[in-house]
Each structure stands twice: as structure tokens, then as C-alpha cells.
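The values are calculated or read from the model by the stated rules, or taken from the named source; none is laboratory data. Everything numeric here is computed off the predicted structure, so don't read it as measured data. Here the Cβ positions follow ideal geometry from the backbone for every residue, glycine too, while neighbour counts run over all protein chains shown.
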Amino acid sequence: MRAFVAGGLLMLAGCAALEPAPMSTPSLTGVPREFEMAGRLSVRVADRSDIAKLRWTHRTASDAWVVSSPVGTEVARIDSDAGGALLRRASGGDERAPDFATLTQRLLGAALEPAMLSGWLHGAGSTGPAAAGWTVTIDETQRAGAVELARRITATRGDTVVKLVVDSYRALED
């Protein structure tokens, strides 16, 4: 009986030593050109840290972010199109910039381009020139209809760490 128990414990110990299989990179099959997503965003740059709720509408020619506090109070909105980008803070005052990334830099301390984030969300641009110096890890994936996408993303560049958790996602009709 002792030999049976000891053998069982050895088998369990052997299983515990196995490393988990690496997570596959999401497929780009079925990636919509336009989508809406809601989730949580964390940006840490050196000694500054911001945590927010994010609603993002990505269209072919425009993007809109609504950034809220963790309890849901709207803090800011960023809208961008071919003509530039506009940051509207709930506390008042509008800021214009030639691009979206300039405004995320001002708001969160990190320049985040919608095309780059969309690539991360859909599993592209995590290596090579498209990564723009970021090291991107897709920590968890999920399916949203026919689309496989990231559920949890961690991206680092220098002393900047960006984490995105996708709570809901919906492809929009083209």
C-alpha cells in the first residue's frame, strides 16, 4: 500500500514540474477592420501609474477612446481622424494634436497608436519593426464570434509597462 501511495505522489510531483504549454499567438483570420471594445488599461511609466476603464471604437478612418476612472467616472475622451486628434478632459479644456499618440502621451504618459494597439489586440506586431520597440506578450486569448483575439496583453518598452484587459469586444459592420 505504501508503495502505491509513494508511486502516486511521485507521479503527481512529476506532473507539477511540467511547464505549461506556450500560448499560441492569435490568428489574424477574420480580423474586422472596425470594432468596439471595452476593458481596463494600466500604464506605468517610471514612478507614475494610471489605471483606467477604456471604451474604444475603432473605425477605418477614425478612433475614439473614452477613458474613465476605475469606478466609471469619465475622465477624458480622445477622438482622431485624418485631420488630427482632440483630447477633451472632463475637468475642462480641449487639446489638439496632429495624432492620437501625442494625446495618449499627454494623458497617460505613453504614446499609444491605435493601429499598433489594434495589431496587439489581434495578435500582430508583437515582434519585428511593427512592434516599434515594444516587447508584447499576449497573456491570454479569447474568441469573440469568428475572431480570436487577445484578452490580456502586457507590453513593455524601457521603463514603460502597458497592460490591457479586454472585457468585451464586438466587430462592427463595414
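Couple of notes before you dig in:
- Among the residues of the stretch 92-105, those that are surrounded by fewer than 15 Cβ atoms within 10 Å (Cβ to Cβ) and either in contact (Cβ under 8 Å) with a residue 12 or more places away in the chain or of a type outside the set (Gly, Ala, Ser) (or both) comprise Asp94, Arg96, Pro98, Asp99.
- Test for Thr73: is it among the hydroxyl-bearing types (Ser, Thr, Tyr), within 24 Å of Glu148 (Cα to Cα) and surrounded by fewer than 20 Cβ atoms within 10 Å (Cβ to Cβ): no
- Only one entry in Val67, Val147, Val43 is free of Cβ contacts under 8 Å to residues at least 60 places away in the same chain and within 21 Å of Tyr169 (Cα to Cα), namely Val67.
- In the set Glu148, Glu140, only one residue is out of contact with any Leu (no Cβ under 8 Å at 6 or more places or on another chain), in a strand (DSSP E or B), charged (D, E, K, R) and buried (at least 19 other Cβ atoms within 10 Å of the Cβ); that residue is Glu148.
- Of all residues making up the stretch 111-132, the number that are under 14 Å from Thr160 (Cβ atoms), among the small types (Gly, Ala, Ser) and modelled with pLDDT of 85 or more: 1
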